[in-house]
1. Select from A:PRO82, A:GLN164, A:TYR225 the residue farthest towards the positive end of the dipole of the stretch A:82-231; place +1 on Cβ of Lys and Arg, -1 on Cβ of Asp and Glu, and compute about the Cα centre.
2. Go through B:GLY188, B:PHE11, B:ALA43 and say which Cα lies farthest out towards the positive end of the charge dipole of the stretch B:3-204; charges sit on Cβ, +1 for Lys and Arg, -1 for Asp and Glu.
3. Could you give the nm distance between label points at B:LEU157 and B:ILE77, where each point is 7 Å from its Cα heading toward the beta carbon?
4. Would you mind getting the accessible area per residue of the stretch B:3-204, heavy atoms of the protein chains only, 1.4 Å probe, in Å²?
5. Normalising by the residue count of chain B, find the relative contact order in percent from Cα pairs under 8 Å and 6+ residues apart.
6. Suppose every Lys and Arg Cβ carries +1 and every Asp and Glu Cβ carries -1, with no other charges. What dipole size does the stretch B:3-204 come out with about its Cα centre, to the nearest 20 debye?
7. Going by amide H atoms built from the backbone, whose H comes under 5 Å of the H on A:VAL111, apart from near neighbours?
8. Would the stretch A:172-213 count as rounded, prolate or oblate if I go by the C-alpha gyration tensor, calling it rounded below 1.5 in a/c and otherwise prolate when a/b exceeds b/c, oblate otherwise?
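The values are calculated or read from the model by the stated rules, or taken from the named source; none is laboratory data. These numbers were taken from a predicted model, which means no experiment stands behind them. Reconstructed Cβ throughout: ideal geometry from the backbone, glycine too, with neighbour counts over all protein chains shown. Quick note on the areas: whole protein, heavy atoms, side chains included, nothing else; ligands and nucleic acids left out. Shrake-Rupley method; radii C 1.70, N 1.55, O 1.52, S 1.80 Å.
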Amino acid sequence: MNRSQFFAILVVIGVLGALVATRIQLGSENDSATSEASPSSQQTDSATNDDTTSDDATSSETSSDDTANNEEAEVESADAPPVLDPKPALANLDGWINTDATSLDDFDGQVRVVEFWTFGCFNCRNRISHTQELYAEFQPQGLEIIGVHAPEFERERDPAAVEQATVDLGVTWPVALDTSKTNFRAWQESRRFWPRVYVLDQNGDVRYDHIGEGDYDGLEETVAYLIENGP
Amino acid sequence: MSISALFGEGFEAALLSCSLVLLVPGAALALAARRAVIPGLAAFGVAVLALSWLRFSDRGGGYPDLLIAAVLALAVIAIAIPFIVTSFAKDAELSSVPAGLLAGAAAAELWRPCVGAEFGVLLNELPDRGVSGFGLMGVYLIGALSPLVVLGAIDHLLPERILDKVETVWVAIGGGILALLAFATAFGLHESLISKLFEWSVDNV
């Protein structure tokens, strides 16, 4: 490969970089629009995609119904989210923030969103505003959100830093400190990512599993279904 | 899923600390690869793609840290061979390609990505996708590893006389970082090492 080819590669990378920078500039509207239009969880693969298809069919037949009724009907007619592989109890924790709870069992009987995150993670931070909305809407109806903080870097291991970050980032739900990442490894096995979101039903069965940002509608639908219909 | 958005997200990820575990060994390899930086980095990228696809699609991977450390140690040995066996001294590819494959395989095993919306869609679907999943992982990784392409290009553009002067030092630094990473991985300290490098770079760059 000669120098001119390398210059060409650099120019291409520069142009692509400029395009990415433009995308970043355009901001979160595009991100949220893209993510909302992209069903992506395992739950979505096996259930919500089917729901979407059937909902589409239904909506074409009943397109004149008002939106509120449609939304209600969607939740009621949705198939139950599938039961996924069970996960172990949270173990070897270094404490909790924003709660007096000492174990995941303390929230038994509730629908629980368990989110693995770390405060330095860009993509985890991007989820927070959506999680705040979910918490505001469903916490009064019995939802509990448990953030499991599994640090990536040294500075994220300090409990005081985590506590400060929860204040700064507006994380008001209980946070379990998984400093040794015992649970991060045990729950995610060989496919370990930040962020990763699970939903446990009232019986403790896993009903939703999603990697990364996005699929906020799928998460909300699962929570709404479980709260309305039970496990 | 949009391919351009997936590439863009990979490009963004290149700027995030989560990608350091790929970029640090890649950069070390680029330094140590002597006159064969491009083949070395190409081998590194192929190994990262293959191993991360296997692991993220639930088709393999999840190896113990000791094995990953051993693979990194082999990469260091591959780099050192041309300096020990002088008959190989002129054949930089003979060391940089296997070193790239080994370092890339180890880096892929150590990688715990932060995941945006597009990559999230791919990762959720990856176990059920075939070859297309492999290709899309490649698109993301081209973005995520783009700093290494730039590094390779810079190295390639340097005049020969400068390379002659700095080559031995660069090989020592690159090999040393890989050896340090191997040592840290063997003792379960690689995350702390990457963390220190990250904090050092944030404080000093």
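1. Most positive-ward Cα: A:GLN164.
2. Of the listed residues, the answer is B:ALA43.
3. Here the answer is 3.8 nm between the modelled labels.
4. Values: 8140 Å² over 202 residues.
With all protein chains present, the stretch B:3-204 gives 40 Å² per residue.
5. Here the relative contact order equals 40 percent.
6. Dipole about the Cα centre, nearest 20: 400 debye.
7. So A:VAL111 has HN proximity to A:GLU144.
8. Rounded is the answer for the stretch A:172-213, as its axis ratio a/c remains below 1.5.
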